[in-house]
Each structure stands twice: as C-alpha cells, then as structure tokens.
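The values are calculated or read from the model by the stated rules, or taken from the named source; none is laboratory data. Everything numeric here is computed off the predicted structure, so don't read it as measured data. Every residue, glycine among them, receives a Cβ derived from its backbone with ideal geometry; neighbour counts consider all protein chains shown. What goes into the accessible areas is simple: the full protein's heavy atoms, side chains included, and nothing from ligands, DNA or RNA. Shrake-Rupley method; radii C 1.70, N 1.55, O 1.52, S 1.80 Å.
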Amino acid sequence: MSKVNLSLQVLPVVPEEEIYPVVDRVIEHIRKSGVTYIVGPMETTMEGELEELLKIVAEVQDICISAGSKRVISIVKIDYKPGGVSIDEKIAKYGR
C-alpha cells in the first residue's frame, strides 16, 4: 500500500481553557504512534498507511471524550496518489 498524507483538525467541545490540554493529549497520542507528523497551527499532518492513520483518527476521538469532551468535531483531509505521497516532497523547499 502507498503512503498517504492525512491532516487532522480536532475540535473538542470543552470549555475554552480546556481546549489546548485536550489537543495536547491528541498530539501526544500521534507522537507515540510512531508515524511521521507535523503539528501546524490549525491541524496536524501525518504520513503513513491509510488504514493506520484512520485508526489514529478513531482513537483520538475517544481520547477527547475520555478527557471530558461531550462532542468532538474532526476535519480530515487525505492526499493520496499511486506510488505514495510524502510530507517532505511538499514542504522540503521551505526549510522543514
């Protein structure tokens, strides 16, 4: 299977002062998963096999709920092409 890029924006429905701590837990879960990722100001982009990344998306929904969120809104973008796609091919020229 080819590698894809998947960008995930998670919006936990919690009081404003709790948003960053919940998002921090999500990013820590992504870090521990071992996939290549980059944290941006609005979303985190991951690189890996589609099934693995979708599993992470599902897991972070549960992380948000267990952290006290009553609802989780997630925006997912997937970039796929035969032969795979990498984060570096997109941003290396910008000094990553």
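Skip the ligands, DNA and RNA, and give the accessible area per residue of the chain with a 1.4 Å probe, whole Å².
So the chain comes to 63 Å² accessible per residue, rounded to a whole number.
Mind giving me the FRET efficiency for I19 and I91? R0 is 25 Å, r the Cβ-Cβ distance, nearest 0.05 is fine.
It comes to 0.45.
For L8, tell me the accessible area in Å² from a 1.4 Å probe, rounded to the nearest 10.
Per-residue accessible area (L8): approximately 10 Å².
As a test question: what accessible area, to the nearest 10 Å², does E59 have when a 1.4 Å probe is rolled over all protein chains in place?
Rounded to the nearest 10, the figure is 50 Å².
Note the angle between two axes, namely the Cα long axis of helix 50-66 and the longest principal axis of the Cα atoms of the chain, as a number of degrees from 0 to 90, rounded to the nearest 10.
10 degrees
Per DSSP helix of 4 or more residues, -39500 (n - 2.57); summed, then divided by the residues of the chain. What does that give at 222 nm, rounded to the nearest 500?
-12000 deg cm²/dmol
Please state, as a whole number in µm²/s, the translational diffusion coefficient that the Stokes-Einstein equation yields for region 44-96 at 25 °C and 0.890 mPa s, with Rh defined as the Kirkwood radius across alpha carbon pairs.
187 µm²/s
For region 74-90, in order, what is each residue's ³J(HN,Hα) by Karplus, 6.51 cos²θ - 1.76 cosθ + 1.60 with θ = phi - 60°, in whole Hz (x at glycine and Pro)?
10, 10, 10, 10, 10, 10, 10, 8, x, x, x, 9, 10, 5, 4, 5, 8
Within the accessible area of the chain, what % is carbon and sulfur when the probe is 1.4 Å and the other protein chains stay in place?
Ligands and nucleic acids excluded, carbon and sulfur give 56 percent.
Among the listed pairs K3/K70; K32/K93; K55/K93; K3/K77; K55/K81, which are separated by more than 24 Å between their Cα atoms?
From K3/K70; K32/K93; K55/K93; K3/K77; K55/K81, over 24 Å: K3/K70; K32/K93; K55/K93.
Would you tally the net charge around T36, using a Cβ to Cβ cut-off of less than 10 Å, leaving T36 out, and scoring K and R as +1, D and E as -1?
Counting the neighbours of T36, the net charge comes to -1.
Restricting things to Cα coordinates, could you compute the convex hull volume per residue of the chain in Å³?
92 Å³
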